[in-house]
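Working notes for the structure below.
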């Protein structure tokens, strides 16, 4: 990983920013949401769509197919129609089936629980071999599905991180993952990920950030005029 310019300044922002966001949103500790395979399928459905459409497709998929074996054995055309609300269903349906087949062939069951015991780098590398799995999806599966120290960077975190100056203004989302994992203490990945998303949704919005009511302006490069996004 290339260390960005002025890295110490960027890293020093973390503690005060985290404290302010913690005071606003409260203490958070990791709680299991859904099994890791479910998180993986949900992530594939979420690609290039919004949360509402993803959720509609995921609910429809689980209602129609009670088990992952049912998903694998379903006619692909039928699966396409089931998850159509997520968009790009012709691509996502066979991808979901192939990912599930690979997991079953390599691990003997539709489970990713074995990744709990692997070093995080090895676990990420295994997930990245799967079709349609990129850095964000791998980190979400590990963080949310398994409680492992991985920091997912979505569009909100990418935007807010660059505006604040935690991330360089031109860094890509893929390159932002290892940077955020260097800046944030591992035990705080989960909470800070949630804080940044909430802040991006309700205050640091994409088109019109509400700087007048933002509690982070003292630490924000965008507010100081150092970066325009």
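Considering 215, 209, the condition of being farther than 13 Å from residue 159 by Cα, over 13 Å from the mean Cα position of the chain (by Cα) and assigned to a loop (DSSP other than H, G, I, E, B) is satisfied by 215 alone.
On the stretch given as region 1-56, residues that are assigned to a loop (DSSP other than H, G, I, E, B) and under 19 Å from residue 86 (Cβ atoms) total 6.
Condition check ((1) within 27 Å of residue 61 (Cα to Cα); (2) surrounded by fewer than 18 Cβ atoms within 10 Å (Cβ to Cβ)) across all residues:
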residue	(1), (2)
117	no, yes
128	yes, yes
132	yes, yes
160	no, no
168	no, no
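Conditions tested, residue by residue: (1) without any contact (Cβ under 8 Å) to a residue 40 or more places away in the chain; (2) surrounded by fewer than 16 Cβ atoms within 10 Å (Cβ to Cβ).
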residue	(1), (2)
21	no, no
26	yes, yes
33	no, yes
54	yes, no
66	yes, yes
74	yes, no
78	yes, yes
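Among the residues of region 139-155, at least one is surrounded by fewer than 18 Cβ atoms within 10 Å (Cβ to Cβ), outside any helix (DSSP H, G or I) and on the phi > 0 side of the Ramachandran plot.
Each value in this text was obtained by applying a stated rule to the coordinates, not by laboratory testing. Not measured: the values here are computed from a predicted model. Glycine gets a Cβ as well: all are built from the backbone with ideal geometry, and neighbour counts include every protein chain shown.
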